[in-house]
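J.: One structure is given below, represented as structure tokens, and several questions about it will come after.
The values are calculated or read from the model by the stated rules, or taken from the named source; none is laboratory data. Predicted model only: the values in this text are computed from it and were never measured. Glycine also receives a Cβ, built like all others from the backbone with ideal geometry; neighbour counts cover every protein chain displayed. All accessible areas refer to the heavy atoms of the entire protein, side chains included, with ligands and DNA or RNA removed. Shrake-Rupley method; radii C 1.70, N 1.55, O 1.52, S 1.80 Å.
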Amino acid sequence: MIKLALFSGDGIGKEVAGEAEKVLRFIFDVNSIGYEIEGGLVGGVSYDAYKKPITDEVLKIAKEADAIIFGAVGGPKWETLPIELRPEKALLTLRYDLELYANLRPVKVYKELIDASPLKAGVVSGTDMLIVRELTGGIYFGTPRGVSDIGNGNKKGINTLSYTTKEIERIAKIAFEISKKRKKRVLSVDKANVLEATELWRNVVHDVSKNYPDVELSDMYIDNCSMQLIKQPRSFDVIVTTNMFGDILSDEASMISGSIGMLPSASLNGKKGMYEPIHGSAPDIAGQGKANPLAAILSVAMMLRYSFDMDNLAGDLERAVENVIKQGYRTQDIMTGSGLKPVSTSKMGDAVLHELKNIFKSYEKNEV
Ligand code: NAD
């Protein structure tokens, strides 16, 4: 029996996670896969109910689940709270407490949505990359850190970039394993010419690569990589990098695809993972049925692939999403021209369900 946790959070988080749940239940039911889903409040809604962004009970549900589906948290109502009580703290607590050290962000350009990208069609067309970002180490967590007074009205701010061999080995292993399911190419991004911690990063990634002789490894400095991402995004396959470099590169890369409403993500610790769209709670469109649920739905495909090795079902779901885009269904964020079919959040979810039904039906016919 698969145990899932579903935390939809605030704003459009609720709307898109609802569509992800609809699709997920359909896939599991049709394929007679046993599962249970437990919900819980996270973010602003948890603060309103319990004066905390996440409770111990909800953390327990997360720890006991095989995988977690997460919507989004945050909103203006909670922006003035102390940092420890803000909705976003729920997300950081989950990542940290579950040690979800590997963040996967695929960036794929759909032919039909090419005009949604600010880059030229000829540059972005055919882009299909996966950024593997280290998520629980590096400069965001290193110590010493903080700001101290050093006299005469002068202050000093410190953050520490540190990585251990073990931290690098485990994220590199994830990148190599995943690349075996893709084009067998890994690019490690660092600043080894200046930062010793990333010189260690480079050396350890190369050591790990010896266990993957069929995967091609190359290296690139972060400054060059941020340039090449815009110049020739098509040339990338799997990128593995540190926490801060991955944070920046993945936001840059999201613009290649055009809409934030299309990009899913996974945060993994081995098979256990939390799956979520990369966008936030979008207070400007919340409650209006305008949110694009495809990033949340594609996060379900990532869950099927990475937590449960159900690559075929993940592929079916990704194909269903591709088909609805080809058929012209569009939420407002991906409305790129005329003659298309404008749909609400739930109608987009329904369109994906309909396509999935067709795909599953086509298998039945082939069996007869
Ligand atoms: P956002 O991602 O919520 O929205 C940015 C813009 O993209 C908005 O114009 C929004 O309407 C649009 N957008 C986002 N998702 C969309 C979708 N699925 N379909 C259509 N349009 C979509 O970022 P923001 O406005 O900077 O942040 C809003 C709140 O969300 C803040 O409180 C922020 O802290 C929080 N946040 C949460 C997460 C998370 O939960 N993982 C991530 C980012 C931001």
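J.: For the structure I just gave you, tell me whether Pro264 is within 16 Å of the ligand (Cβ to nearest atom) and open to solvent by less than 40 Å² (accessible area, probe 1.4 Å).
T.: Values: within 16 Å of the ligand (Cβ to nearest atom): yes; open to solvent by less than 40 Å² (accessible area, probe 1.4 Å): yes.
Taking the combined requirement at face value, the residue satisfies it.
J.: Shifting gears a bit: So, Asp284, is that one open to solvent by 10 Å² or more (accessible area, probe 1.4 Å), out of contact with any helix residue (DSSP H, G or I) (no Cβ under 6 Å at 6 or more places or on another chain) and assigned to a helix (DSSP H, G or I) or not?
T.: Working: open to solvent by 10 Å² or more (accessible area, probe 1.4 Å): yes; out of contact with any helix residue (DSSP H, G or I) (no Cβ under 6 Å at 6 or more places or on another chain): yes; assigned to a helix (DSSP H, G or I): no.
Spelling it out, it is not the case that Asp284 is open to solvent by 10 Å² or more (accessible area, probe 1.4 Å), out of contact with any helix residue (DSSP H, G or I) (no Cβ under 6 Å at 6 or more places or on another chain) and assigned to a helix (DSSP H, G or I).
J.: In the range 163-186, is there at least one residue being outside any helix (DSSP H, G or I), buried (at least 22 other Cβ atoms within 10 Å of the Cβ) and of a type outside the set (Phe, Trp, Tyr)?
T.: Yes - at least one qualifying residue is present in the range 163-186.
J.: Go through the range 287-306 residue by residue and tally those that are within 8 Å of the ligand (Cβ to nearest atom) and open to solvent by 30 Å² or more (accessible area, probe 1.4 Å).
T.: The total comes to 1.
J.: Then there is this: For the range 233-261, give me each residue that is out of contact with any helix residue (DSSP H, G or I) (no Cβ under 9 Å at 6 or more places or on another chain) and either open to solvent by 10 Å² or more (accessible area, probe 1.4 Å) or within 23 Å of Phe308 (Cβ to Cβ) (or both).
T.: Once the filter is applied, which keeps residues that are out of contact with any helix residue (DSSP H, G or I) (no Cβ under 9 Å at 6 or more places or on another chain) and either open to solvent by 10 Å² or more (accessible area, probe 1.4 Å) or within 23 Å of Phe308 (Cβ to Cβ) (or both), the range 233-261 yields only Asp251.
J.: Further, regarding this structure: Only one of these conditions is not met by Ala282: (1) in contact with a Gly (Cβ under 9 Å, 6 or more places away or on another chain); (2) under 23 Å from Ile33 (Cβ atoms). Which number is it?
T.: (2)
J.: Assess whether Leu161 counts as being under 30 Å from Asp207 (Cα atoms), assigned by TED's automatic domain parsing to the domain that holds Ser338 and at pLDDT 95 or above.
T.: Working: under 30 Å from Asp207 (Cα atoms): yes; assigned by TED's automatic domain parsing to the domain that holds Ser338: no; at pLDDT 95 or above: yes.
Spelling it out, it is not the case that Leu161 is under 30 Å from Asp207 (Cα atoms), assigned by TED's automatic domain parsing to the domain that holds Ser338 and at pLDDT 95 or above.
J.: When you scan the range 4-113 for helices (runs of 4 or more DSSP H) that lie fully inside it, which ones turn up with 1 or more residues that are under 28 Å from Lys181 (Cα atoms) and within 16 Å of the ligand (Cβ to nearest atom)? Steps first, please.
T.: Values: elements: 12-30, 44-50, 56-64, 88-97.
Per the criteria, 12-30, 56-64, 88-97.
J.: Counting just the residues of the range 70-112 that are within 26 Å of Met129 (Cβ to Cβ) and among the acidic types (Asp, Glu), which one comes out most open to solvent (accessible area, probe 1.4 Å)?
T.: Glu99
J.: Moving on to the next point. Given the criteria more than 16 Å from the ligand (Cβ to nearest atom) and open to solvent by less than 30 Å² (accessible area, probe 1.4 Å), does Ser338 qualify? Step through it out loud before you land on a result.
T.: Values: more than 16 Å from the ligand (Cβ to nearest atom): yes; open to solvent by less than 30 Å² (accessible area, probe 1.4 Å): no.
The answer is no for Ser338.
J.: Would you be able to say whether some residue in the range 45-59 is touching a strand residue (DSSP E or B) at 6+ places or on another chain (Cβ under 6 Å) and either among the charged types (D, E, K, R) or not assigned by TED's automatic domain parsing to the domain that holds Leu135 (or both)? Show your work before the answer.
T.: Start the filter on the range 45-59 by keeping residues that are touching a strand residue (DSSP E or B) at 6+ places or on another chain (Cβ under 6 Å), which leaves none.
Among the residues of the range 45-59, not one is touching a strand residue (DSSP E or B) at 6+ places or on another chain (Cβ under 6 Å) and either among the charged types (D, E, K, R) or not assigned by TED's automatic domain parsing to the domain that holds Leu135 (or both), which makes the answer no.
J.: Give just the number: which of (1) more than 23 Å from the chain's Cα centre (by Cα); (2) outside any strand (DSSP E or B); (3) not β-branched (Val, Ile, Thr) does Gly261 not satisfy?
T.: Failed condition: (1).
J.: Consider the range 208-225. How many of its residues are open to solvent by 70 Å² or more (accessible area, probe 1.4 Å) and either in contact (Cβ under 8 Å) with a residue 24 or more places away in the chain or within 24 Å of the chain's Cα centre (by Cα) (or both)? Give the derivation first.
T.: Here is the first cut: in the range 208-225, the ones open to solvent by 70 Å² or more (accessible area, probe 1.4 Å) are 210-211, 213-214, 216, 221, 223.
Still in the list and also either in contact (Cβ under 8 Å) with a residue 24 or more places away in the chain or within 24 Å of the chain's Cα centre (by Cα) (or both): 211, 214, 216, 221, 223.
Matching residues across the range 208-225 total 5.
J.: Working only within the range 267-281, note down all residues that are among the charged types (D, E, K, R), in a strand (DSSP E or B) and away from the ligand (no atom under 12 Å from the Cβ).
T.: To start, the set of residues in the range 267-281 that are among the charged types (D, E, K, R) comprises 271-272, 276.
Within this subset, residues satisfying the condition of being in a strand (DSSP E or B) are 272, 276.
Passing the criteria: only Lys272.
J.: Could I ask something else about it? Could you check the range 34-59 and list, in sequence order, the residues that are free of Cβ contacts under 8 Å to residues at least 60 places away in the same chain, under 28 Å from Leu304 (Cβ atoms) and surrounded by 13 or more Cβ atoms within 10 Å (Cβ to Cβ)?
T.: Those that are free of Cβ contacts under 8 Å to residues at least 60 places away in the same chain, under 28 Å from Leu304 (Cβ atoms) and surrounded by 13 or more Cβ atoms within 10 Å (Cβ to Cβ): Tyr35, Ile37, Glu38, Gly39, Gly40, Leu41, Val42, Val45, Ser46, Ile54, Val58, Leu59.
J.: Here is a follow-up. Does Gly138 satisfy the condition of being on the phi > 0 side of the Ramachandran plot and open to solvent by less than 60 Å² (accessible area, probe 1.4 Å)?
T.: On the way: on the phi > 0 side of the Ramachandran plot: yes; open to solvent by less than 60 Å² (accessible area, probe 1.4 Å): yes.
For Gly138, the condition - on the phi > 0 side of the Ramachandran plot and open to solvent by less than 60 Å² (accessible area, probe 1.4 Å) - is met.
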